[in-house]
1. If R0 is 51 Å, what FRET efficiency do you get for residue B:142 and residue A:105 from their C-beta distance, rounded to 0.05?
2. Sorting check: for B:24-34, A:156-166, which peptide has the highest mean count of neighbouring beta carbons within 10 Å, and how do the rest follow?
3. Considering only B:117, B:66, B:49, give the residue with the highest GNM mean-square fluctuation for chain B, with springs between Cα atoms whenever their separation is below 10 Å.
4. Considering only chain B, pick the residue with its Cβ nearest the axis of the rotation onto chain A, and state the distance in whole Å.
5. Just to confirm the numbers: residue B:163, label point 7 angstrom along the Cα-Cβ line, distances to the other copies in nm, shortest first?
6. Give me the mean projected area, in nm² to one decimal, of the convex hull enclosing the Cα positions of chain A.
7. Give me the distance in nm between label points sitting 7 Å out from Cα along the Cα-to-Cβ direction at residue A:166 and residue B:133, one decimal.
8. If each label sits 7 angstrom from Cα along the C-beta direction, how far apart, in nm, is residue A:75 from its counterparts in the other copies?
DNA sequence: CAACTATTCAAGTGATTACTTGAATATTAA
DNA sequence: TTAATATTCAAGTAATCACTTGAATAGTTG
């Protein structure tokens, strides 16, 4: 085959990955998978898609090499094919933030308090947590927490935060995190804690980024 | 709007970028643009697409925030929106290489000598070039060379290499580069030089990656 | 001004996509 | 074995996509 042929075929392969990333539902599935492996049914529930539709999207992701599967009993568990996929999603986000005006508008509309919540970088949190200076709070659903979390983090899903406020009365600063830099759960948790006079900030990114940076995790 | 609404709208925006990356012709356009800014007509010629078709693809890339335009006289010049876009393309390549069997097959079919051509990392080339230990050879078309190249590199497009072999008789090692890690021009140049007994290697990546790494360039 | 050129726009065609619905497959439990 | 369950497959529909063709637009040049 010709030189042109090789180049074009190569681009055609790269485009398969682009295609996989070209649908909002598939991106949402990838975000859930970035938290840890999950079954089709559980993903369907999380994304509110039908099971058949979810299955089809997942198969496309698999064909694009972004996820792998493992069958156990009746269930098929999907997981990301590697940490490069998290990097890929991160830079996709990054480019979108930098060059799509609509993203800026959305973020500033929904996350107005973004700057005020003083995000703390991952490295800094790691040191402070080691010194026992902060309480790390994971506000994702329990399912995602138990698939892996920041060492020592306690899990209080956002919905239960109000009821369990008494767990944070010791004056230590709280650092909350969730699924990623745009995940609102952490924003809302920090806002809620502060409204009760508890000192709180949020982690700059989420759990997948933490893991992809090679920082220690716990299960 | 609801929490769900925000998340979904955000993913819809990210998906716009995925859509832009979902077509082989658009990816090829991006690769050309990674060499430097170019007019619609010149891109149409390079990709062998019709002008109207090229224009439409470029507009899609612009709407996805990946390229920007500048009008000068009759011509509209397109260029990448930023270095993050090169990063994005790089990691797309990376994921494809790591997880798509078809890419591996293509690369090993066409670039069989890949390992034997001993790629040299960018940092190492920079040092050796500064010490005058190597001759840097840019085998891209003159148009791309003149939009920016590695400092001190000489430009001999592949087609003219045979005729100009006498320029490389001084015993210095040659390091050839072109558009990117999979660009065959540099592979073929190294193979040709070696077949004439000239010591030659290739740069690990291409010019866009060099530039994106923040290494010095020249115009 | 008119003639020329690069780019964009608009309309049409066949192919592909996302989603739904209902059936098929494979595994486990009774 | 049968019944139950998670997932996948297959077929159909409306929407979107890539590309072509020919016309419209906006600059430049004589």
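Where a number appears in this text, it was derived from the coordinates with a stated rule and is not lab data. Everything quoted here is computed from the prediction, not taken from an experiment. All Cβ positions, glycine included, derive from the backbone under ideal geometry; neighbour counts span all protein chains shown.
1. After rounding to 0.05, the efficiency reads 0.75.
2. For the peptides B:24-34, A:156-166, the packing ranking is B:24-34, A:156-166.
3. Fluctuation is largest for B:49.
4. With distances in whole Å, chain B gives B:22, 2.
5. Output for residue B:163: 8.1 nm, nearest copy listed first.
6. Dividing the Cα hull surface by four gives the mean projection, 14.9 nm².
7. 7.0
8. Nearest first, the other copies' label points are 5.9 nm away.
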